[in-house]
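None of the figures in this text is laboratory data; all of them are computed from the coordinates on show. None of these values were measured; they are calculated from a predicted model. Note that we place each Cβ from the backbone using ideal geometry, even for glycine, and neighbour counts take in every protein chain shown.
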């Protein structure tokens with residue numbers, strides 16, 4: 001995998017919208033935690049680096065449960081970007097309900 005990594009050339013610049021998450025084993029001697037931390041410079045700070053304890057280079061084989069849990073956590077949908085739309089929806093719903101209450105109160109007053 002080192003040959004693939006070292007010979008990789010990007011032909012077209014692609015902007016990623018998703019954050020980058022990297023995993024490496026605490027005892028990894030190939031892709032060391034120190035080396036992986038340098039990726040932050042390339043990713044312009046949009047990266048989270050996770051060091052898996054009691055694992056070397058084959059973290060998926062050495063700590064499968066931990067890797068599965070980390071993947072599950074890091075692939076959950078993030079609704080933060082959608083909160084603005086949700087607030088607008090709630091405001092519109094409150095406005096609509098308020099109009100319904102005013103109309104119902106007017107009917108009660110009229111008898």
With r defined as the distance between the Cβ atoms of residue 75 and residue 30 and R0 fixed at 41 Å, what FRET efficiency is calculated, to the nearest 0.05? 0.95
At a 10 angstrom cut-off on C-beta neighbours, averaged per residue, how do the peptides 22-32, 55-65, 41-51, 100-110 rank from highest to lowest? 22-32, 55-65, 41-51, 100-110
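Stretch residue 9-residue 57 to full length: gain in nm at 0.36 nm per residue minus the Cα-Cα span? Walk me through the numbers on the way to the answer.
On the way: separation 48, 0.36 × 48 = 17.28 nm, distance 2.37 nm.
Extending this stretch completely gives an extra 14.9 nm.
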Once the mean of 1/r over all distinct C-alpha pairs in segment 14-76 is inverted, the Kirkwood radius in Å reads 12.2 Å
Residue separation between residue 106 and residue 37 times 0.36 nm, minus their alpha-carbon distance, gives in nm 18.2 nm
